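See below for the structure under consideration.
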Amino acid sequence: MSTLELKKEKKVMTGNHAVAYAVKLSKAQIISAYPITPQTSIVEKLSEFIEKGEMNARIIKVESEHSALAAVYGAAIAGARAFTATSSHGLLYMHEWVHWFSRARIPAVMAVVSRTIGPPWNIWPDHSDFMDQRDSGWIMSYAMDNQEVFDLVIQAFKVSEDPSVYLPAMVGLEGFILGGTSMPVEIPEENSVLDFLGERRQPYSVADEIISVGNLTSPEETEQIQMGIQNAMGRAREVIKKVDEEFGRVFGRSYGGLASCYKCGDAKYVVVTMGAWSGDALGAIDLLRDNGIDAGLLRIRYVRPFPIEEVREALSNARLGIVFDRSLSFGGFGQLYSDIASSIIGSGTKKNLVNVISGLGGVNISSDDFVQAIKSIIESYESEGYVHPFLWYHQGEVMKYQHIKT
Amino acid sequence: MSSATDGKGILVVPACCTSVVVGTAPKTSMRMPIVHVPFASAAAVASGLREALLVRGLEDKQVIVWAGDGGTADIGMASLSGAAEKNADIIYIMYDNEAYMNTGIQRSSSTPRGAWTTTTPIMGKTEPKKDVSRIMISHDVPYVATASIAYPHDFYNKLQTSLKIRGFRFIQLHSPCPVGWRFDDSLTVDVARMAVETGMWILYEYKNGVIEISNPSRYLIQQNKFKPIEEYIKIQGRFASVDENTLKGLYEYRNRNIEFLNKLAK
């Protein structure tokens, strides 16, 4: 089916409801989740779909997030398309299962509605819950707006169930900023998504064969399993791009795969972001361009697999890369910065790169904030010839982290 | 178990001695699919598995959890309670060897009072054994039973009974561990039998809201023919440091348990 023939409907909905609609249209058969702010309205909406008879699925209302992902695993290894959603402490509570899932190479999808980590109790978003999972072997994507939330959830099922991948996939979105904010979302007709996805695929099923899953093995085989995940991640790069293109042909929207670029081509200064504040950063790029500053934006869409090639390409002509992280590996750097630095080192080129930590704990960052921070960094770089590698942008001020010598 | 389930069983095993006993991947010593899962989550995995079988139209398969006392009474208690409260359609078998044996004999909440373990090395455990079956009865699930490896027919019959019932079913199987309880391997069945004969372990079934004491224990209760608890503890090294006060505590525990079961028994 081509995008011209497809019946579509635009509805105004929150990011959380966009997740629920995508899960419904993907024909997930088993849902299991435990309520946590700001995720809860996803599982409430799915419960409503199921109880109204609009969705043919079963929902397991478990007593914790640890059990939620465990139940999703049980369903998935028995051959069901399964889904869960969580946030923050809920995600941390299920962290053991996040790892177990990918090592079992079982496809499933989870939405992570980002919220910072306590203490103090704080329900506002940053990326610390999501980024804490980046070593777990999941395909990890992060949305910029509610339409992309909807599209990424469907694509997550497709990528996860691809035989050359067979890894679980999580889709991130900031709570409240996307999760609780209404925007127009285009919803295609009921069966078009299932046509796009096809039937459930997975490497094995305990309901259909006598096998043992997860029992003791040798160190060598354990190492091979982990090498296998890394290789699947490598293949996933191509699968993600292919799925993004195919999605574009059917539904009319493509995003450029693992990362998307805005005016990177001739940019002297490439700003890097991920998530909802990329919308504000896009506005900032236009404002900077209006002021004669050749800036571009590289938006990271997938944290895993990391867009190594895309990063190298986007930064190839830039004088300076300015990486905004909304989470931090304490004692090190922002996680995006670390991966971008690693990606560039491998390309053999020397590149100036600065890490800006901002927006933690839900601190709001506007387009004007981006303009102010970026201008200040560029000015200092052009006048002094170098820039401190680790900066805070806090309450309107760019500050050096004092504990790194330059 | 594979014969009782007639090839229709799928086993879910959290971290426990069985994780090791069934052998290394990709082979297995069981003639049924086995899903090994992290410690705290066996009942939740089984619930999800069962729901997937239902949506796929594979109702005739049976999902069975096989878990130790640590994975049941302690770290797995929340997920167990969650699955029981929702009446998940699974059979949960707790093989109770009364300590964390896989990690090398540390106390569990299912360890009886007075027992030596490596984390109760001098005094023995000072608290009484947690009664998980009674907790399951409090969930008002369709079926709860206690069993013992010394009475295999009784256990097999209970397994068969549970297979014919739908909803959450729980069997607590008393399983002495020679290494952890400090007795010679050859006495394993004798020790298990002595637990029943002294009333330290009572065999019963809970069905339709009523407790029925199983034959081996019923006669002992009716005739008050229990052997002295001393006979049970003297054949196990783990009870070597039990003093008079602790022994009194064990008697009280046993008598209260009998009293409780008598009240609910038909």
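Of everything listed in (1) out of contact with any Pro (no Cβ under 7 Å at 6 or more places or on another chain); (2) over 24 Å from residue B:83 (Cβ atoms); (3) open to solvent by less than 30 Å² (accessible area, probe 1.4 Å), the single unmet condition for residue B:170 is (2).
Could you tell me whether any residue of the stretch B:45-60 is touching a residue at least 24 places away in the same chain (Cβ under 8 Å), more than 8 Å from chain A (Cβ to nearest Cβ) and open to solvent by 50 Å² or more (accessible area, probe 1.4 Å)? The answer is yes; a qualifying residue exists.
Of the residues making up the stretch B:200-254, those that are out of contact with any strand residue (DSSP E or B) (no Cβ under 8 Å at 6 or more places or on another chain), in a helix (DSSP H, G or I) and β-branched (Val, Ile, Thr) are B:229, B:233, B:246. Residues in the stretch A:65-92 that are more than 21 Å from the chain's Cα centre (by Cα), facing chain B (nearest Cβ under 7 Å) and open to solvent by less than 10 Å² (accessible area, probe 1.4 Å): A:67, A:70, A:71, A:74, A:75, A:77, A:78, A:80.
Is it true that some residue in the stretch A:56-64 is open to solvent by 10 Å² or more (accessible area, probe 1.4 Å) and in a helix (DSSP H, G or I)? No: the stretch A:56-64 contains no residue that is open to solvent by 10 Å² or more (accessible area, probe 1.4 Å) and in a helix (DSSP H, G or I). Going through (1) touching a strand residue (DSSP E or B) at 6+ places or on another chain (Cβ under 8 Å); (2) open to solvent by 30 Å² or more (accessible area, probe 1.4 Å); (3) assigned to a helix (DSSP H, G or I) one by one, residue A:386 falls short only on (3).
Looking at this structure, is residue A:228 farther than 28 Å from residue A:350 by Cα and either in contact (Cβ under 8 Å) with a residue 24 or more places away in the chain or buried (at least 24 other Cβ atoms within 10 Å of the Cβ) (or both)? Walk me through it before giving the result.
Values: farther than 28 Å from residue A:350 by Cα: yes; either in contact (Cβ under 8 Å) with a residue 24 or more places away in the chain or buried (at least 24 other Cβ atoms within 10 Å of the Cβ) (or both): yes.
Here the answer is yes, as residue A:228 does meet what is asked.
Would you confirm, using the coordinates I've provided, whether residue A:343 is crowded, with 16+ Cβ neighbours inside 10 Å and touching a His at 6+ places or on another chain (Cβ under 8 Å)? For residue A:343, the condition - crowded, with 16+ Cβ neighbours inside 10 Å and touching a His at 6+ places or on another chain (Cβ under 8 Å) - is not met. Restricting the first member to the stretch B:232-255 and to residues that are touching a residue at least 12 places away in the same chain (Cβ under 8 Å) and under 15 Å from residue B:183 (Cβ atoms), and the second to residues that are among the acidic types (Asp, Glu) and surrounded by fewer than 18 Cβ atoms within 10 Å (Cβ to Cβ), the beta-carbon pairs closer than 8 Å and six or more apart or on different chains are B:235/B:190. Restricting attention to the stretch B:20-44 and to residues that are more than 7 Å from every other protein chain (Cβ to nearest Cβ) and in a helix (DSSP H, G or I), the residue that is surrounded by the fewest Cβ atoms within 10 Å (Cβ to Cβ) turns out to be B:21.
Of the residues B:127, B:205, the single one that is in contact with a Ser or Thr (Cβ under 9 Å, 6 or more places away or on another chain) and closer than 30 Å to residue B:9 by Cα is B:205. The criterion of being over 17 Å from residue A:151 (Cα atoms) and either assigned to a strand (DSSP E or B) or touching a strand residue (DSSP E or B) at 6+ places or on another chain (Cβ under 6 Å) (or both) holds for residue A:43.
Pick out the one residue from A:240, A:285, A:300 that is among the β-branched types (Val, Ile, Thr), farther than 27 Å from residue A:99 by Cβ and surrounded by 20 or more Cβ atoms within 10 Å (Cβ to Cβ).
On the way: A:240 fails: farther than 27 Å from residue A:99 by Cβ; A:300 fails: farther than 27 Å from residue A:99 by Cβ.
Every option except A:285 fails the conditions.
Scanning the stretch B:62-80 for residues that are open to solvent by 40 Å² or more (accessible area, probe 1.4 Å) and either in a loop (DSSP other than H, G, I, E, B) or of a type in the set (Ser, Thr, Tyr) (or both) returns a single hit, B:75. A residue that is within 24 Å of the chain's Cα centre (by Cα), among the hydroxyl-bearing types (Ser, Thr, Tyr) and surrounded by 20 or more Cβ atoms within 10 Å (Cβ to Cβ) occurs nowhere in the stretch A:176-189. Selection of the stretch B:81-96 for residues being buried (at least 21 other Cβ atoms within 10 Å of the Cβ) and closer than 23 Å to residue B:164 by Cβ yields B:83, B:84, B:88, B:89, B:90, B:91, B:92, B:93, B:94, B:95.
Taken over the stretch A:103-139, the criterion of being in contact (Cβ under 8 Å) with a residue 40 or more places away in the chain, more than 30 Å from residue A:27 (Cβ to Cβ) and open to solvent by 10 Å² or more (accessible area, probe 1.4 Å) is satisfied by A:116, A:122, A:123, A:124, A:128, A:132.
The values are calculated or read from the model by the stated rules, or taken from the named source; none is laboratory data. Predicted model, so just to flag it, every value in this text is computed and none were measured. Virtual Cβ from ideal backbone geometry, glycine too; neighbours counted across all protein chains shown. These accessible areas exclude ligands, DNA and RNA; they are computed on the full protein's heavy atoms, side chains included. Shrake-Rupley method; radii C 1.70, N 1.55, O 1.52, S 1.80 Å.
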